[in-house]
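The values are calculated or read from the model by the stated rules, or taken from the named source; none is laboratory data. The model shown is predicted, which means the values in this text are computed figures rather than measured ones. We place every Cβ from the backbone using ideal geometry, glycine too, and count neighbours over all the protein chains shown.
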Amino acid sequence: EAGVAQSPRYKIIEKRQSVAFWCNPISGHATLYWYQQILGQGPKLLIQFQNNGVVDDSQLPKDRFSAERLKGVDSTLKIQPAKLEDSAVYLCASDLAGGDTQYFGPGTRLTVL
Amino acid sequence: AQSVTQLDSQVPVFEEAPVELRCNYSSSVSVYLFWYVQYPNQGLQLLLKYLSGSTLVKGINGFEAEFNKSQTSFHLRKPSVHISDTAEYFCAVSDLSNYQLIWGAGTKLIIKP
């Protein structure tokens, strides 16, 4: 069974530029999560999707971050414009609806200069 | 709100020695409990989980954890560590109302040769 796929693995941009990350969850997983993991900290949930609907985006900085999951499968997270403090690893995870275990992708390491 | 405390940010231990990584959580209601491992430049991998039943849970790579409801703890143990166990370990608690994970800050396991 293929795991959660993310791309790119690494991205370096300058502040005020925009960037997008892509995630393809495990086949059949209805729930998809985006997390931000700053160095030295645990992951912080940004947004949770159930199929193509948003369950929770209360911690998403909506002035600069956006995410979509149009067909209920893969998802894109965008930052526009990026700030220095956005430097982090962005993790995507998925699980079955009502499932008890989240499965994580390898993450995208973003460096904002 | 729930919180998870990992009491040690780093734990140095000699190879082949036993190790315990400590985790305490705040909730007094039923929870699911998890330990994930993050190897350098990789995503999070599930080590083990407690959902219900036996309080001693065995996971991959020889790790085990014990759920202690009265002390609200879920400490991770391994009787003999190997250099390949060098990684960061995260404890997480699942909010059963929405299955969102609340994360600890992580503990870096440093294996000394």
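The set of residues from region B:47-58 being out of contact with any Phe, Trp or Tyr (no Cβ under 6 Å at 6 or more places or on another chain) and at pLDDT below 95 comprises B:Ser52, B:Gly53, B:Ser54. Among residues belonging to region A:32-58 that are among the aromatic types (Phe, Trp, Tyr) and closer than 26 Å to A:Val112 by Cα, point out the one that is farthest from the other protein chains (Cβ to nearest Cβ). Within region A:32-58, the match that is farthest from the other protein chains (Cβ to nearest Cβ) is A:Trp34.
Reported count of residues in region B:12-55, each being in a strand (DSSP E or B) and under 13 Å from the mean Cα position of the chain (by Cα), is 19. Annotation: B:Gln71 fulfils all but one of (1) more than 20 Å from B:Gln2 (Cα to Cα); (2) more than 14 Å from chain A (Cβ to nearest Cβ); the unmet one is (1).
Scanning region A:97-113 for residues that are among the small types (Gly, Ala, Ser) and either surrounded by 15 or more Cβ atoms within 10 Å (Cβ to Cβ) or out of contact with any strand residue (DSSP E or B) (no Cβ under 9 Å at 6 or more places or on another chain) (or both) gives A:Gly105, A:Gly107.
Selection of region A:14-45 for residues being crowded, with 21+ Cβ neighbours inside 10 Å and of a type in the set (A, V, I, L, M, F, W, C) yields A:Phe21, A:Cys23, A:Leu32, A:Trp34. Note on region A:74-96: residues that are part of a loop (DSSP other than H, G, I, E, B), surrounded by fewer than 17 Cβ atoms within 10 Å (Cβ to Cβ) and more than 14 Å from chain B (Cβ to nearest Cβ) total 4.
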